[in-house]
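Single-structure report; data block below.
Just so you know, all these numbers are worked out from the coordinates, no wet-lab data involved. As the structure is a computational prediction, the values presented were derived from the model and not from experiment. Counting neighbours? That spans all protein chains shown, and the Cβs are built from the backbone with ideal geometry, glycine included.
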Amino acid sequence: MSINISEMIWTIICFFALLFVLKTFLFKPLLRFMDERRSRIDAGLDEAKRAQTAREEAARAAEESWEERNAEARHLISQGKLEDDLLHTQTMEEAHQQAAQAEKAAHEKVAQEESHARDAARQENRELTETLANRLLGGQEEG
């Protein structure tokens, strides 16, 4: 077993030539491909983060809008109830006033009718008294 120096030098030269060829035609394109892929993946991750942030902002904005609309709806409902209560109170007051006026008018009409009836009864009573007196007096004159 002897070491052949020329063979060893050619082996080392072939080894380094093979390394040079592999580095030039395999490792550099492979590393470039992997770097490009890594950059695409990073870009995709950045885009996903931006989309996630935008989605979260949109969700927050929608939630705020929803809360604003709920508050506005509650305000409108309470305002409508207050207006309804006010209208109900006014309507009831008007109805009570109209009922009081109608009752007053009815009492006045009853008082007028009663007064007319008394006047008519007095008048009739006078006429009947005169008629009766005339008959009594007229009957005595005849008899």
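List of remarks:
- Summing charges over all other residues whose Cβ lies under 14 Å from the Cβ of R50, with Lys and Arg as +1 and Asp and Glu as -1, gives -3.
- Scaling against 2.2 N^0.38 Å puts the C-alpha radius of gyration of the range 77-143 at 2.59.
- Label-to-label distance for R74 and N4 is 9.6 nm, based on points extended 7 Å past Cα in the beta-carbon direction.
- Taking a sphere under 13 Å around the Cβ of H75 and counting the other residues whose Cβ falls inside, with K and R at +1 and D and E at -1, yields a net charge of -1.
- Label-point separation in nm, D46 to H88, each point 7 Å along Cα→Cβ: 6.4
- Size descriptors for the range 1-78 (Cα atoms only): Rg and Dmax, in that order, 32.2, 107 Å.
- Rounded tilt (10° steps) of 5-22 against the dominant C-alpha axis of the chain: 20
- Convex hull (Cα only) mean projected area of the chain, reported in nm² to one decimal: 21.5
- Counting Lys and Arg as +1 and Asp and Glu as -1 over every other residue whose Cβ lies under 15 Å from the Cβ of H116, the net charge comes to -2.
- Modelled FRET efficiency - R0 35 Å, F15 with S39, Cβ distances, 0.05 increments: 0.60
- Candidate aspartates and glutamates - alpha carbon under 14 Å from K49, same-chain residues fewer than 8 apart omitted: E57
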